[in-house]
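Scroll down for the structure; my scribbles are underneath it.
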Amino acid sequence: MEFIEPLVRHFLGIFFLMIGLQFAGRSLGLYQRMRFSHINYGERGSAPWWHRQTFNVFRAFILGVCVVRIFADIDPWLGVFGPLYVWPILLVGMLLLIGSFTTVNYLQAYMHEDWRSGIDPRKDERKLLTGGPFGRSRNPLFLAVMAGQLGFFLALPSVFSLVCLVAGVLVITRQAREEEKALADKFGEDYERYRVRVPRWF
């Protein structure tokens, strides 16, 4: 515990900071080259818009808390679950976060030019991905993100991370339904055949 606990504590702060920088850098680079944003909030006040706002708020809180924990003991304010705050659970959480991060990057690379964050309203020539990881689940990217949220809870078992986990899963499952409606509108019968053949999650 004397080695694993500070390792995981520092890892969380650096991990979430690097994710934020990577996402921002990737988004800006794509915009500079493609001249359109790959990040789509949706119409103001719509369900996807609220999902994005909620996700951003929690992401900011998570980053702030994890960075502050490196320098100050704020765990009593987070409601840490003592019986779960043991090195094997913390280590599993850290490894799950690393696995989630790797899988998300793999899936975004697999999607290549078809990758978007949110629902892209443009009438373009994107393809419906039905093979590879998308032949086993209609939402593998969301599954990987939820695995990372579970990893965060295990790496910092607390009331705070539990609230983040519950809110994150709720937002992602709701967003998945919104995105599937948009895909059904865009691809019609092709998407309906895909929906029947491949499960939403597993």
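The values are calculated or read from the model by the stated rules, or taken from the named source; none is laboratory data. Quick caveat: nothing in here was measured; it's all calculated off a predicted structure. Methodologically, a virtual Cβ is constructed for each residue, glycine included, from the backbone with ideal geometry; neighbour enumeration extends over all protein chains shown. Heads up: the accessible areas ignore ligands, DNA and RNA and are worked out on the full protein's heavy atoms, side chains in. Shrake-Rupley method; radii C 1.70, N 1.55, O 1.52, S 1.80 Å.
For this structure, a couple of remarks:
- Counted residues, segment 174-194 - those being open to solvent by 100 Å² or more (accessible area, probe 1.4 Å) and farther than 21 Å from T54 by Cβ: 3
- Taken together, the residues in segment 97-140 that are open to solvent by 40 Å² or more (accessible area, probe 1.4 Å), under 22 Å from V198 (Cα atoms) and aromatic (F, W, Y) amount to 2.
- Condition met for V169 (under 23 Å from M94 (Cα atoms) and buried (at least 16 other Cβ atoms within 10 Å of the Cβ)): no
- Pairs where the first residue, in segment 132-160, is farther than 19 Å from R177 by Cα and in contact (Cβ under 8 Å) with a residue 40 or more places away in the chain and the second is assigned to a helix (DSSP H, G or I) and among the β-branched types (V, I, T), C-beta under 6 Å, 6+ apart: L154/I89; L154/V92; A155/V8
- Restricted to segment 19-72, and to residues there that are outside any helix (DSSP H, G or I) and touching a Phe, Trp or Tyr at 6+ places or on another chain (Cβ under 9 Å), the residue that is least open to solvent (accessible area, probe 1.4 Å) is H38.
- Wholly enclosed helices (runs of 4 or more DSSP H) of segment 86-202 bearing at least 1 residues at pLDDT below 95, of a type outside the set (V, I, T) and more than 13 Å from the chain's Cα centre (by Cα): 87-111, 159-187, 189-197
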